1. Could you tell me the relative contact order of chain A? Use alpha-carbon pairs under 8 Å, at least six residues apart, and round to a whole percent.
2. Please find the FRET efficiency linking residue A:375 to residue A:95, where r is the Cβ-Cβ separation and R0 is fixed at 22 Å, and quote it to the nearest 0.05.
3. Please sort B:100-112, A:139-151 by packing, taking for each peptide the average over its residues of neighbouring beta carbons within 10 angstrom, highest first.
4. Computing the accessible area with a 1.4 Å probe over protein heavy atoms, can you report the carbon and sulfur percentage for the protein assembly as shown?
5. Please list, ordered by chain and number, the residues whose modelled amide H lies under 5 Å from the amide H of residue B:7; skip anything fewer than 5 residues away on the same chain.
6. Only Lys, Arg, Asp and Glu count, each charged at its Cβ (+1, +1, -1, -1), so figure out the dipole size of the protein assembly as shown about its Cα centre, rounded to 20 debye.
7. Just to verify a number: FRET efficiency for residue A:72 and residue B:287, C-beta to C-beta distance, R0 = 35 Å, to 0.05?
8. With a 1.4 Å probe and every protein chain left in place, tell me how much accessible area residue A:170 has, in Å² to the nearest 10.
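The values are calculated or read from the model by the stated rules, or taken from the named source; none is laboratory data. Predicted model only: the values in this text are computed from it and were never measured. With ideal geometry, Cβ positions are generated from the backbone for all residues, glycine too; neighbour counts draw on all protein chains shown. Side chains included, ligands, DNA and RNA excluded: accessible areas come from the protein's heavy atoms. Shrake-Rupley method; radii C 1.70, N 1.55, O 1.52, S 1.80 Å.
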Amino acid sequence: MSLSFSATSTSCFGARTGSLTLGRPSATLVLSTPGLIVATSRGVVPHLSRDQYKRTPAIRCLHVPFESFLEQSPPLPTLQPGSHPLHTFIGFDPRKHILALALRDPADSRETPANGTDHVSAATERGIKKVTTEQWRTYVRACTPDIVVALTDIPWTPPPFSQKRLTKSIERSAAWLAHLLAPGPQPLNVLVHMAGGISAPARRAFANSLMETLHGQEAGNVLPYRCLDDGVAGYIFDLIPLYCAINASTDATSSDPPEIAGLLKASLVSTSPAKLRVVNSATSPHEILRLIRDVGVDMFDSKWAQEAAHFGVAFDFIFPVQKSGSRRDIGHNLYRAQYAHDFSRFADSAPACLCASCAPVAPPSVIAHSEFDAHSPATSPPAPYTRAYVHHLLQTHEMSAHALLVMHNLTVLDAFFAGVRGVLQRGENFEEQVDTFAEEYDEGSAIIEEARMVWKNVEMARGKGRLARERMGQKEI
Amino acid sequence: MSHFEILARCPTTRARVSRLTLAHGPTILPTFMPVATQAAIKGLTPQQVESLGVTLILNNTYHLNLRPGVQVLSEAGRAHKFQGWTKNLLTDSGGFQLVSLSKFATITEEGALFESPFTGEPTMLTPEESISIQHAIGADIIMQLDDVVPSLTPDHARVEEAMERSIRWLDRCIAYHNSSGNQDTQNLFAIVQGGLDFELRDRCVRAMIERKKNVSGFAIGGLSGGEEKGMELNVKQCAEKLPEDRPRYCMGVGFAEDLLVCVALGVDMADCVFPTRTARFGVALTFQGPLNLRLAKHAKDFAPIDADCPCPTSVTLHNITFQARLMGGARDAISNGTFPEYLRTFFARYFGDVGYPEWCVNALRSVGVDLLEGSDIKVVPGSGAKWEYSE
Ligand SMILES: [Zn+2]
Ligand SMILES: [Zn+2]
């Protein structure tokens, strides 16, 4: 399968639209950018069943962290037969879904033991597993994901990091990329994580090492590529390690902390603007808009939107903004008691959300289990799910709440990106729209934080409830 | 009122196929009802449940009365609208869960007295109150409040008292229901009690049949599956005596073998939390017996749970589909006159490796089906519930 990206803008930085095209014998998949990458955990979109993937067109491109499969040896996806082993193993449709495979979960900020010269420490539920560059290559070749993220030496020991550590990180990351790019049965579509931590010079140095023409043995190892960058389909930025390091550095010194956009630009200034740029762990529409505006990032993971659903928040924002004259939150914390009697749909924004929760569709056909079973379709379409119903489901720990909210939040986020592309394609004043958005919606993720706290308390109360139930034996029916 | 029509009968056993038409459309019986305790079936949307070919589900009155409460339900336009379910719905009386989940529940002639889990105040659930709450919920089938005692209670006098009281409470439920104006859309079912005592059950059945014109169906209560010795005898006794022209609902039954035995004895409806609850522990139901997907021996098995199953894979969806296929297969077999073979094939596939539960063999013999005919599968005493234990 071949992957190609084309951006509308040829300048190094600044907002741009583009399209990512994946060609396979069975289908050609095209993603418009800026756009989203859906996060998976253990191979599934948390809270959704496979039939719900189909009802959520926002689910087109997914990020699969491989580390959760390391509990079994060999990892099970590598044993899956067929032409699309990873798709088949975790239940995605090669004609509809693009899968990007990375070793680590980019949202996991836990401390892990230091990486080695040729291995990364990955986190599994049964503890830390070392994964060598050779193993990674084997796993990738066996799973055949559409996109693969090269191993990177991101230190997950406590920051700050010495100059020496940064140099080592850059050298290892480049060597590991070269190892993955070594000739194989088919070329891989590789994203490289831009190393260098929060040091702009180190980031520039890493980018330069990708662009350097290789000679002799080094060149032979990555044939037919002239430099590492030739073998790379795009650049990826994980923000969590950057934020961790920034926080640590501002604790230690009182100098101005580096800005994320500046760090990304340091990595990109010498690279080709025609390549895909992906950011993991941006956590608000505001941050996403800034990275699109200032850097020209093309894709963002949606883990934060899925997590908000997990905590009971229904998104309610839209781009470009329709001014309401008052400042709003980006969503509703449906745990709040005020929603118990609120029978409106999840989002007030117009046009109305088209997700499977806000615009449910009666099943066109149902399974017949006997000759007598005749499907009598409803005469009117089902009503949108309400805030009151989801409030009830959250209060009673019913998992359907999260399924309904995940489908909704992903759809709102997808529509947000479509709105961004629309403004850019129509040549409207994007900067002005970004400012208007920031005036309309509160950036502080207070609403998500509040929901997270309530959720924690409910989980604790629930734990107590479960104990009480266990004491009562099997009485409960 | 509901419309109940028998479509086919098994020439051998007492099984029948029927159509029960309620305010939210027809449901073909025999059927299994998945339980949506809190107005949701574990992680599924109503559209998903409907797509599996399910047309009748159960909500628990006790839970819905606590949360969201009748106020919210009536603001929403009753439970169907609240949860987005457009097919048929049944609610229980709330009594059983009240007695089993409250610490200090006591039964008086007036009703069940319990401590409110929210305020700690003494609260009374009377037959009238139960019907009133069920009216507010708005289910198509509502259940009388009955006085439930565990079927193995040794205290015969208590079992008798509970049975007699259940009849008196039925009268109060009927009176309240008939004066409510809800009889056109909601259908009251009576519940036969009497523990495992043949004589008490008989008296109860007779008393309830006398009230037939005021009830749309009859439930067999106080039993919960084949693990209780003698359950099948009581089901047989009740099903034989209950009127032909009313649906018969066996409460709390959900294991595949229990369901098919009950159908053979003349039962039309059953409910149980088992298939959805067991899914949460990774147990998938199959025609070869339950499969614990969390066992390491299944980890490298890339085959689908059941290649013939039409469900979109997720264990909860699969288990609901399994129950529906089991009952749908029974409907076709009853109408084709092949129900005895259907039973023999099911039991051979399901229990062939471990042996037939003795009570199933006996129960089916009593309705003319001999599982052992032409079979060399052994018979095992006890419940015979088939299970893959976790490691
Ligand atoms: Zn929506
Ligand atoms: Zn299935």
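1. Over chain A, the number comes to 16 percent.
2. With a Förster radius of 22 Å, E is 0.20.
3. A:139-151, B:100-112
4. Roughly 54 percent of what the probe reaches on the protein assembly as shown is carbon or sulfur.
5. B:17, B:18, B:19
6. Using only the charged Cβ atoms, the result is roughly 1220 debye.
7. 0.80
8. Looks like 20 Å² after rounding.
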